[in-house]
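Taking it in order: structure first as structure tokens, then the write-up.
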Amino acid sequence: MNMHAPNFLDTARWGGLAYISDWQETLGGKLDVTDPANGNRLATVGLCGPADIAEAAKRARAAQKEWAKTLPAQRAAILNRAADILEQNGAELANWIMQESGSIHPKAMIEIEHGALFIRHAATLATQPTGMFLPGMDDRTNYARRVPHGVVGVISPFNFPLVLSVRSIAAAIALGNTVVHKPDPRTPISGGIIIARIFEEAGLPKGVLHVVPGGADAGEALCSDPNIAMVSFTGSARGGSKVGEICGRHLKRVQLELGGKNALVILDDADLDVAASNAAWGTFLHQGQICMATGLILVDEKIEAAITERLVAKALHLPAGDPSTQQVALGPIISDSQVETIQKIVDDAVAKGARLLAGGTHDGRFYAATVLSGVKPDMLAFEEEIFGPVACIVSFKTDEEAVDLANRSEYGLAAGVISGDLGRAMGLGDQLNVGQLHINDQTINGGPYAPFGGRGKSGNGTRVGGPADIEEFTQWQWVSVKKAATPYPF
């Protein structure tokens, strides 16, 4: 086992290939992976089409029963070794995350740190109690136990490619499932190849994990394949709707973690500097390309001018550029089409009366930190998830109005409330229709120990993480036992 090497992710091992039980060529051809900051080619991976998905699913199903029989302690040991390997090669792997997803270095290191934590948490799942005895109506013994689904398909996004892949993969594997994983084709290395390599080095048996980079056709094949029992999807509401539709047609269990239009409510008794710092972090981290990003900054009108002034000052001091070559706060937007979407939303807000106080421009894919004040419900900036570094400031007169504004969204992922009065903040927060509520904090928060997910357009009510993992990646089986068979009237 190669715990640490100067070139752990040696392209000679996997270049042009996908991981279908082992490294191999694919029927779908090859996919060039490029740096969104400069367009440079980083590497080539195998591109998987429907036939490759079918082969991976077939092999995963063939391996699943034997994997489920593996002693829980053995599964946990493999997972913990994988976490060790990830951490020990973190400096090298963070560079791949930076170049492939446009991350600044601190954000890339967060992925390494949190990725390892998710794997270690999954290791604890393997040894959790998974059953209970049930009352009965006669002398037979009844009990219920959690059993793996079989093969779990995982589809992950580009923005936090390592963490948002491994959190489902590790939990599913820990609980006795095998996995077919389709990372986003824009980030197949940090969202897939890295994961395949750390589990390969950790000694995961062949056939338990398959990494199959591909496009929409591969995703549809994964959702409809008869050998795949469940699909875990993280991505946009539009993509999740399609995944849910296909899985529903094929009666598959589906877990959807989608986008958000997350409100940060700042009450009039908040510390102004602290509140502005929270708003900036929640809005601008990773160029706003986070499902939990602060999409609306709801500010009491009595302190709106003070918060806006501070937020503009912060935006003007956050340079955007290539994080691989410059000291910057914001890296590139993932694609030209996403830049166009951001610009459309900003322009719509200005045309409808919002004030552009900072940013609103871009140099190629480098979009400047932007501040809009006077945002109203009839603007795209109020309604839509932007996935860009745009602070949308909305004023309110009363706490009740703040609740109403926050709850107008069709999304329901995260919200934050900042106040000097803890009871007031919690009382307001209790009225918000979200899956994640953060009191005296901004909206970006996550980790392996909490059930993560949303409601409305943010998901189908399912969760990943903490106590929710066993619920999501296993199902109940009822077992009744009689000492001997007995006759019935017929």
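Computed from the coordinates by the stated procedures, all read-outs in this text should not be read as laboratory data. As the structure is a computational prediction, the values presented were derived from the model and not from experiment. Virtual Cβ from ideal backbone geometry, glycine too; neighbours counted across all protein chains shown.
Mean separation of Cα pairs under 8 Å and 6 or more residues apart, divided by the residue count, gives the chain a relative contact order of 16 percent.
Placing pseudo-labels 7 Å out from each Cα toward the beta carbon at LYS397 and ALA305 gives an inter-label distance of 1.9 nm.
Projecting the Cα positions of GLY16, ALA306, GLY353 onto the charge dipole of the chain (unit charges on Cβ atoms of Lys, Arg, Asp and Glu, taken about the Cα centre) puts GLY16 furthest along the positive direction. Spin-label model, ALA216 to SER337: label points 7 Å out along the Cα-to-beta-carbon direction sit 0.7 nm apart. The charge dipole of the stretch 184-317, taken about the Cα centre with unit charges on the Cβ atoms of Lys, Arg (+1) and Asp, Glu (-1), comes to about 660 debye, rounded to the nearest 20.
Once the Cβ-Cβ distance of ALA77 and VAL479 is raised to the sixth power relative to R0 = 25 Å, the FRET efficiency obtained is 0.35. Packing order of peptides 267-275, 19-27, highest average first: 19-27, 267-275 (average count of other Cβ atoms within 10 Å over each peptide's residues). The tail of the calculated P(r) for the stretch 262-439 beyond 20 Å holds 48 percent of all Cα-Cα pairs. Net length available on complete extension from ALA68 to THR11 is 17.3 nm, with 0.36 nm assigned per residue and the Cα-Cα distance removed. Only helices at least 15 Å long along their axis, Cα-based, and averaging -0.5 or more on Kyte-Doolittle count here, so list those DSSP H runs from the chain. Result, helices passing both filters: 72-88, 90-101, 105-125, 163-174, 237-249, 272-284, 304-315, 336-351. The length gained by stretching the chain between GLU113 and ALA351 to full extension, at 0.36 nm per residue less their Cα-Cα distance, is 81.4 nm.
Can you pull out the trypsin sites (Lys or Arg not before Pro) in the stretch 288-369 that DSSP calls coil and that have at most 16 other Cβ atoms within 10 Å?
Details: sites: LYS302, ARG310, LYS314, LYS344, LYS352, ARG355, ARG365; in loops: LYS302, LYS352, ARG365.
Listed in order of number, the matching sites are LYS302, LYS352.
What dipole magnitude, in Debye to the nearest 20, does the stretch 262-439 give about its Cα centre under +1 on Lys/Arg Cβ and -1 on Asp/Glu Cβ?
Result for the stretch 262-439 is approximately 360 debye, rounded to the nearest 20.
Note on LYS65: no aspartates and glutamates have a C-alpha under 14 Å away, same-chain residues under 8 apart excluded. Only helices enter this figure: runs of n ≥ 4 DSSP H residues, each worth -39500 (n - 2.57), summed and divided by the residues of the chain, yield -11500 deg cm²/dmol at 222 nm to the nearest 500. Peptides 367-380, 165-178, 319-332 ranked from most to least packed, by the mean per-residue count of other Cβ atoms within 10 Å: 165-178, 367-380, 319-332. Specify which labelled value, from (1) 208; (2) 152; (3) 164, agrees with volume of the Cα convex hull per residue in Å³ derived from the coordinates of the model shown. Answer by label: (3). In this simple spin-label model, placing a label point 7 Å from the Cα along the Cα-to-Cβ direction at both ARG455 and ASP378 gives a separation of 3.0 nm.
Just subtract the alpha-carbon distance of LEU272 and ASP32 from 0.36 nm times their residue separation and send over the number in nm, one decimal.
Between LEU272 and ASP32, full extension yields an extra 81.7 nm.
Taking the centroid of alpha carbons for each part, the stretch 238-295 and the stretch 9-60 are 30 Å apart. Taken as Cα centroids, the stretch 368-429 and the stretch 92-107 sit 30 Å apart, rounded to the nearest whole angstrom.
Only bridges with both residues in the chain count here: give the DSSP antiparallel percent, nearest 5. Here the share of antiparallel DSSP bridges comes out near 45 percent.
Here the stretch 352-418 is treated with +1 on each Lys and Arg Cβ and -1 on each Asp and Glu Cβ, and its dipole about the Cα centre works out to around 320 debye. Of the peptides 472-482, 448-458, the order by per-residue mean of other Cβ atoms within 10 Å, starting with the highest, comes out as 448-458, 472-482.
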